[in-house]
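Enquirer: Below: one structure in structure tokens.
Bear in mind these aren't lab numbers, they're just calculated from the coordinates by the rules spelled out. Keep in mind the model is a prediction, meaning the values are calculated, not measured. Cβ: placed from backbone, ideal geometry, glycine included. Neighbour counts: every protein chain shown.
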Amino acid sequence: MNLRRGLFRVWLVVSVIWLAWWGTYLWNSRLEATEDKTGRQFVAFHTDFGVPWREVRDFGFVDYLSVLAIGFGIPLLVLAVGCGLTWAAAGFSARQIRRLSPT
């Protein structure tokens, strides 16, 4: 059994589920068709990053980057932690210990 390959596949499936959930969450709860005080309608996005509602056409690079960082950053962080843990666990392999023992 290849533990690393199995864990990578689990990470891949969970990441796809996470991205689907994140996209659905953004679409259903963060986008809203609204109108300003003059009655002009526009699509607004709620960021929770200091500015409550912002018109989508006023989005800058940083706004898009913050949304992408949450969507893709969390799965990548989990991948990095998992790789680090499997690397550390591989250091305790019985084969390595037998090679290093003097007997």
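Enquirer: With each label point set 7 Å from Cα along the Cα-Cβ vector, what nm distance links residue 2 and residue 80?
Expert: 2.5
Enquirer: For an R0 of 25 angstrom, estimate the FRET efficiency from the Cβ-Cβ distance between residue 18 and residue 90 and round to the nearest 0.05. Intermediate results must be reported in sequence, preceding the final value.
Expert: Values: r = 26 Å, r/R0 = 1.05.
It comes out at approximately 0.45.
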